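The values are calculated or read from the model by the stated rules, or taken from the named source; none is laboratory data. All of these numbers come straight from a predicted model, not from anything done at the bench. Glycine gets a Cβ as well: all are built from the backbone with ideal geometry, and neighbour counts include every protein chain shown. When the accessible area is computed, the model is the full protein with side chains, heavy atoms only, and any ligands, DNA or RNA have been set aside. Shrake-Rupley method; radii C 1.70, N 1.55, O 1.52, S 1.80 Å.
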Amino acid sequence: MFSIKKEDAMKTAVLQINREEKCGIVSRHIYGHFSEHLGRCIYDGIYVGEGSAIPNVHGIRKDVLEALQEIHVPVLRWPGGCFADEYHWKDGIGEKASRKKMVNTNWGGVVEDNRFGTHEFLDLCELLHCEPYIAGNMGSGTVQEMAEWVEYMTFDGVSPMADLRRKNGREKPWHVKFFGIGNESWGCGGNMRPEYYADEYRRYQTFCKNYSGNTLYKVACGPNAGDYHWTEKIMEQLKPWYTDAIALHYYTVPSGNWEKKGSATDFTDAEYYQTIAETLKMEELIDRHSEIMDRYDPDGNIKLIVDEWGCWYDVEPGTHPGFLYQQNSMRDAIVAACNLNLFNQKCKRVAMANLAQAVNVLQAVLLTDGAKLVKTPTYQVFRMFVPHQDATLLSASLSGFTAGTEESQVPALSDSVTEGTDGTMFVTISNCSLSDDCALKINADGVLEAQIITAEKPQAYNDFGKVPAVELKPYHGYTEQCGKTILTVPRCSVVSVRFA
Ligand code: AHR
């Protein structure tokens, strides 16, 4: 950890909390994840097969399972991504040996042998005690195919699909609530115009039925980052009775340039601040899309789901360009904290978010190398933030300071404050400044516990076979005095405090 400056040499900031003012529930689904048939996310990362020497439960890696259980993954999205709109679910059921093989055209042109399919995914969700979030194929699949998938998974009675499920070894239907109809339909999911997509959406969703007490929560394809026209048209045509949510996708590309995104671990201070500035654009995106949604849906019945977010860097040198494998540093931890704090604050509209992606792809919480596993700095943030899940957002105002370069001036601090069902208050703060520690005055006392994630430098990362450089640790950098707490938030850190 950095050596902390004396309190009088620190920047000062104030966090004023109003415990009486409750601002909504932070859905646990904001802490969701995403698992696509892409690179080594599913195969190697999650699924190794029952015959593997790597310890597994029904073919699912035991270490990955336990690590994901520890961060209380509430919802997992699958099978894509762009892959979803080429995925034909019937290819992934029945005897593994006779499952069809296909080309994964989006991600490296590799052979997908479908050994991980509907049963394996829903099995994984049951083991994780999380909600499955299925992305249905609208791009290249038929209405019938989508309707039958829902029937296969959720119908309890006698029907061709329910009988087929039973024949494949699953007597009882699964509980499947979240169902997406098309992914990035403005791009890899079919290059549609919003008007055309909205019509198709209405048709497809009509045949996705609620069976046997299972009620689907339908998610329409939302905008690509700042495509406000898409949101306008979709909202115009999808009134609350057609959809429960629309899905926004926004990735943080440090340089803002998709051709040369930048390295995950080799970056300058200027590139670091540029990354923070790029990620903080999420706030404007949520606000402006929400404004449009408010006009069509003033009661907020249609939710905004950020079902793909995170940092997207150049792939690690020597790895397959189509596999999107990248390391994950202390910078990613700051990015994760800024976004999760923001989603918490916007919980009235933002009902779910899914970090891309769970294992070995983009801003992963876990990385694997053979039998080895690394919990990334981003993982540590998800672990720290668990108490926010399903807690009540409290009103809080933060007056801080700015950090960065001339080109990328950013607010140094981000925060969110919630109250758990046990009445304790949970505060999370990040300080992205690389130069300034902060003495934060909070109008509360009664600290029960504090934790910190920090490192010597933002480039620090956790590597295979090495002592982790970025970990969640207990923290004692605070003093309490009559109704207030002075909390030191070191530069480049994420800190949490639980108050009585
Ligand atoms: O997460 C990687 C890809 O990014 C997804 O497949 C796609 O939806 C998005 O463009």
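Put W258, W78 in order of accessible area, highest first, and with a 1.4 Å probe you get W258, W78. Placing +1 on each Lys and Arg Cβ and -1 on each Asp and Glu Cβ, with no other charges, gives the chain a dipole about its Cα centre of roughly 680 debye. Once you sort the root eigenvalues of the Cα gyration tensor of the range 320-435 as a ≥ b ≥ c, which label holds: rounded (a/c under 1.5), prolate (a/b larger than b/c) or oblate (the other case)? Because a/c hits 1.5 or more and a/b fails to exceed b/c, the range 320-435 counts as oblate. Comparing Cα centroids, the range 35-95 and the range 469-500 end up 36 angstrom apart. Run through every distinct alpha carbon pair of the chain and return the Kirkwood hydrodynamic radius in angstroms, one decimal place. Evaluated over the chain, this radius sits at 23.2 Å. Accessible area per residue was computed with a 1.4 Å probe on protein heavy atoms; R40 scores about 60 Å².
Relative contact order, whole percent, for the range 415-473 stands at 20, derived from Cα pairs under 8 Å and 6 or more residues apart.
On a per residue basis, the range 319-473 carries 30 Å² of accessible surface, using protein heavy atoms and a 1.4 Å probe. By accessible area, using a 1.4 Å probe on protein heavy atoms only, the range 5-136 has 51% of its surface on carbon and sulfur. Cross-link partners for K96 among the lysines, with Cα-Cα distance under 24 Å and sequence neighbours closer than 8 places in the same chain left out: K62, K167, K172.
Label sites at L448 and Y228, each approximated as a point 7 angstrom past Cα along Cα to Cβ, lie 4.3 nm apart. Among the protein heavy atoms of the range 188-264, carbon and sulfur supply 49% of the accessible surface, probe 1.4 Å, non-protein parts ignored.
Annotation: extensible slack from T421 through E70 equals 124.4 nm (criterion: 0.36 nm per residue apart, minus Cα-Cα distance). Summed over the residues of the range 1-132 and divided among them, the accessible surface reaches 42 Å² per residue at a probe radius of 1.4 Å.
Once both labels are positioned 7 Å from their Cα atoms along Cα-to-Cβ, the gap between E407 and R203 label points is 4.7 nm. When nucleic acids and ligands are ignored and a 1.4 Å probe is applied, H476 ends up with an accessible area of around 140 Å². The stretch between W258 and V386 holds 42.8 nm of extra length on full extension. This uses 0.36 nm per residue minus the Cα-Cα distance.
Dipole orientation for the chain: of the candidates I234, L15, G420, G420 has the Cα lying most toward the positive pole (charges on Cβ; Lys, Arg +1; Asp, Glu -1). If you take the Cα centroid of the range 132-193 and the Cα centroid of the range 299-367, the two points sit 25 Å apart. Loop-located GluC sites (Glu not before Pro) in the range 344-438 (DSSP state not H, G, I, E or B) with no more than 13 neighbouring Cβ atoms inside 10 Å: E406, E407. Per residue, the chain reaches -7500 deg cm²/dmol at 222 nm when only DSSP H runs of four or more residues are counted, each adding -39500 (n - 2.57).
Contact order, relative form, for the range 27-388: 19 percent (alpha carbon pairs under 8 Å, 6 or more residues apart, mean separation divided by residue count). For the range 260-283, backbone nitrogen atoms closer than 18 Å to the point 7 Å from D463 Cα along Cα-to-C-beta are found at 263-268. Which part of the range 209-235 falls in the paramagnetic zone of R288, meaning amide N under 20 Å from the point 7 Å along Cα-to-beta-carbon? Zone members listed by number: 221-235. Accessible area per residue for the range 186-308, computed on protein heavy atoms with a 1.4 Å probe, is 44 Å². Within the full protein context, the accessible area of D91 is estimated at about 20 Å² for a probe radius of 1.4 Å.
Computed extension length for L127-V14: 36.4 nm, one decimal, from 0.36 nm per residue of separation with the Cα-Cα distance subtracted. The apolar share of the surface of the range 318-359, taken as the fraction of accessible area on carbon and sulfur atoms (1.4 Å probe, ligands and nucleic acids excluded), comes to 63 percent.
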